[in-house]
1. Can you name the condition, by its number, that D110 falls short on among (1) surrounded by fewer than 22 Cβ atoms within 10 Å (Cβ to Cβ); (2) in contact (Cβ under 8 Å) with a residue 24 or more places away in the chain?
2. Filtering the range 341-385 down to residues that are in contact (Cβ under 8 Å) with a residue 40 or more places away in the chain and of a type in the set (F, W, Y), which residue is surrounded by the most Cβ atoms within 10 Å (Cβ to Cβ)?
3. Looking at the range 225-276, which of its residues are closer than 20 Å to Q316 by Cα and of a type in the set (S, T, Y)?
4. Take the conditions farther than 30 Å from D189 by Cα, acidic (D, E) and loosely packed, with under 15 Cβ neighbours inside 10 Å and apply them to E261. Does it pass?
5. Report whether or not T362 is assigned to a loop (DSSP other than H, G, I, E, B) and among the β-branched types (V, I, T).
6. Please verify whether I346 is touching a Lys or Arg at 6+ places or on another chain (Cβ under 8 Å) and either in the same structural domain as L89 (by TED's automatic domain parsing) or outside any helix (DSSP H, G or I) (or both), treating the condition exactly as stated.
7. Taking the conditions exactly as written (more than 16 Å from the chain's Cα centre (by Cα), buried (at least 21 other Cβ atoms within 10 Å of the Cβ) and over 17 Å from E83 (Cα atoms)), does I338 satisfy them or not?
8. What's the total number of residues in the range 364-385 that are at positive phi and in contact with a helix residue (DSSP H, G or I) (Cβ under 6 Å, 6 or more places away or on another chain)?
Amino acid sequence: MLDYFDLSEFFPQDEKDLQISTREFLEEKVKPYVANWWEEGVFPTHLINELGKRGLLGLNLPVEFGGQGLSALAYGLAMYELERIDSALRSFVSVQSSLVMYPIFVYGSDEQRSYYLPKMASGELIGCFGLTESSGGSDPSTMGTRAVRDGDDYVLTGSKIWITNGSIADVAVIWARDEEGEIRGFLVDTSSPGFSTEKIPGKMSMRAAVTSELILEDVRISSSQLLPSAKGLRSPLSCLTQARYSIVWGALGALEAVYREVCSFAQERKTFGQPIASRQLVQAKLVHLLSSHTKGLLLAWRLSQLKDKGSLDFGQVSLAKRDNVRCALEGARIAREILGANGITIQFETIRHMLNLETLDTYEGTYDIHTLIVGREITGFNAMG
């Protein structure tokens, strides 16, 4: 791992071993092929069971539910390595772990935990998280999806958009308003009559990820599929805090990838008889990338400590997501600039990471939205309306 301040000296050996083994696996089994998957718009579903065998799904959930019971730092390091190869991998694991397994673990019944979590940890079942709607991505209070009680069942009607894993999921965590207007969470079998998905075409970012629209037309589910403890908007937002934490680490993995690529290129590429790495402007840009990564790693590490202590505040996650992703995106743009014409081809990693980071800068709350979240926290005034 790129670690200019030797921060990993403070990491427990188990966490370092997990990171090393994950990196070795990804270098051998994924990196040689990922550019083609990205270009073809294909997610490597054949890797899902292997991700489960390696304990990367639900990594920090208790062992009795199929998790590894590891720390927030271990989870963050795994997300770092996955995104270093491609955002599609980190997004898949993050959705499975933070947005599906997490709400089942925190808000689900004992029966739901016992049934779903071990199967999801192994990769036998794939999940997706249905919150965002076309009427407002960063304003889930406008939610139009409805859940109407009918005897022992609920009937769900509505649609969700920009849903990672949507078209390959076996179960969807669907957030909907009940008849009292309260937001509730439901576990919906994607084979249920009236449930359908459509892959979103034409993406120029996150091309190797599955991104879908979910359509629910009078989908009938048993009341036993209600997440009993999930009530109100705070429930789905708590899940987003978990997912945003994974992005804080993931963005740094992408930044390492472009930094290492452009450093190597700058030392080999010559102009006027000298490597471009000898030029002052190029050195200044490389130092900027290293500085951004170093500060981001310190931020992510401290966040992991707060998370493990149980004192992590969502505003802290917002600040870290906002800063680390934007720094990684700007770093990728600088790296592409140094690469010159080479930088627009997928023979180099940088353009792929740069385009993926455009999505990271947007989803799970944009840079501006997280600015306003932190602004509200420090002033007490809500500038979002």
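The values are calculated or read from the model by the stated rules, or taken from the named source; none is laboratory data. Just so it is clear, the model here is predicted, and its values are computed rather than measured. Neighbour counts run over all protein chains shown; Cβ positions are idealised from the backbone, glycine included.
1. Among (1) surrounded by fewer than 22 Cβ atoms within 10 Å (Cβ to Cβ); (2) in contact (Cβ under 8 Å) with a residue 24 or more places away in the chain, the lone unmet condition for D110 is (2).
2. Y363
3. Scanning the range 225-276 gives S235, S238, T241, Y245, S246.
4. Spelling it out, it is not the case that E261 is farther than 30 Å from D189 by Cα, acidic (D, E) and loosely packed, with under 15 Cβ neighbours inside 10 Å.
5. Yes; evaluated as a whole, the condition is true for this residue.
6. yes
7. So I338 fits the description; yes.
8. Qualifying residue count, the range 364-385: 1.
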